[in-house]
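The values are calculated or read from the model by the stated rules, or taken from the named source; none is laboratory data. Keep in mind that what you see is a predicted model, and the values were worked out from it rather than measured. For neighbour counting, all protein chains shown are included, and Cβ atoms are generated from backbone atoms with ideal geometry for every residue, glycine included.
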Amino acid sequence: MRLRNVKNAKEIVSSSRYSIDATNRIDIDALFSNENPIHVEIGMGKGDFLIGMAEKYPDINFIGVERYESVLVRAVEKLEDKNLSNLRVVAMDALNIDGVLPKVVSVIYLNFSDPWPKKRHAKRRLTSEVFLKKYDAIFKSDAHIIMKTDNIGLFASSLERLSQYGYKFYKVNLDLAASDIDNVLTEYEKKFMSLGVKINYLDAVKNREK
Ligand SMILES: C[S@@+](CC[C@H](N)C(=O)[O-])C[C@H]1O[C@@H](n2cnc3c(N)ncnc32)[C@H](O)[C@@H]1O
């Protein structure tokens, strides 16, 4: 994502009532005060998907992870006029996610993740084994990843990695907009759809190892 130098982004993000401090492990009970399932979006960008999902599903708690405050600040600004008790955001690199989130997560969303097309950068893809191991540490029970992307290279590599890692595919679709799959649009998705680009989608589950 193109970064703009947003003045005071760090201060604006950290002072938002929606923001979680990433320096300590999160106390989930104190955060949401209910037992509702927790869904996490990694690389949430400017927040359209997460905000749309939190509005649509008030009985699910959503946590958005974004590594750049200069991007996250846009989501925080959109949230200012809203009153969503089931949404929080955290500025951090997902590489640290297992140090911040306890084993409470039901679903992880990966929307239009950076493709890192070069082989030498494959470990940086959010579906590389490096990240899949981190996700194992935060899933409450079965591991459940829902992904969408315009990028066929990232999609193919994700199918391969997830499959090798023990995930089974519940749904795979190569034209999300033409399907009847329940969907909330992201910023990137809106842009790609306006250009007629087809969106790839997968919904994959790995049963908890006994
Ligand atoms: C291409 S943008 C997509 C944004 C949004 N999900 C959408 O669909 O419109 C990818 C986002 O993922 C974030 N990101 C990439 N790697 C990350 C990581 N390791 N941890 C947290 N965020 C990450 C980037 O900063 C960027 O904002």
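Observations on the structure shown:
- Candidates are the residues of the range 96-131 that are polar (S, T, N, Q) and not in a helix (DSSP H, G or I); the one that is farthest from the chain's Cα centre (by Cα) is Ser128.
- Taking the range 170-180 as the range and being free of Cβ contacts under 8 Å to residues at least 24 places away in the same chain and either buried (at least 16 other Cβ atoms within 10 Å of the Cβ) or within 16 Å of the ligand (Cβ to nearest atom) (or both) as the test, only Ala177 passes.
- Of the criteria (1) out of contact with any strand residue (DSSP E or B) (no Cβ under 6 Å at 6 or more places or on another chain); (2) crowded, with 19+ Cβ neighbours inside 10 Å; (3) of a type in the set (Phe, Trp, Tyr), which one Tyr167 fails: (1)
- Listed conditions (1) in contact (Cβ under 8 Å) with a residue 24 or more places away in the chain; (2) surrounded by fewer than 16 Cβ atoms within 10 Å (Cβ to Cβ) are all met by Asn83, apart from (1).
- Near pairs, Cβ below 7 angstrom, 6+ apart or cross-chain, from the range 46-69 (closer than 23 Å to Arg125 by Cβ) to any residue that is surrounded by fewer than 16 Cβ atoms within 10 Å (Cβ to Cβ): Gly47/Lys78; Arg67/Asp93; Tyr68/Leu3; Glu69/Lys10
- Residue match in the range 49-58 (condition: in a loop (DSSP other than H, G, I, E, B), under 19 Å from Val105 (Cα atoms) and modelled with pLDDT of 95 or more): yes
- If only residues of the range 187-210 that are away from the ligand (no atom under 16 Å from the Cβ) and exposed (fewer than 14 other Cβ atoms within 10 Å of the Cβ) are counted, the one that is farthest from Gly43 (Cα to Cα) is Lys210.
- Complete set of residues in the range 42-73 that are over 12 Å from Val90 (Cβ atoms) and more than 10 Å from the ligand (Cβ to nearest atom): Ile51, Gly52, Met53, Ala54, Glu55, Lys56, Tyr57, Pro58, Asp59, Ile60, Asn61, Val73
- Considering the conditions (1) away from the ligand (no atom under 16 Å from the Cβ); (2) touching a residue at least 24 places away in the same chain (Cβ under 8 Å); (3) acidic (Asp, Glu), Asp29 is excluded by exactly one of them, (2).
- Qualifying residue in the range 93-113 (condition: away from the ligand (no atom under 11 Å from the Cβ), within 24 Å of Lys191 (Cα to Cα) and surrounded by fewer than 19 Cβ atoms within 10 Å (Cβ to Cβ)): no
- Test: residue in the range 76-87 that is farther than 15 Å from Ser16 by Cα, hydroxyl-bearing (Ser, Thr, Tyr), away from the ligand (no atom under 16 Å from the Cβ) and not in a strand (DSSP E or B): no
- Within this structure, Val184 passes the test of being within 12 Å of the ligand (Cβ to nearest atom), assigned to a loop (DSSP other than H, G, I, E, B) and surrounded by fewer than 18 Cβ atoms within 10 Å (Cβ to Cβ).
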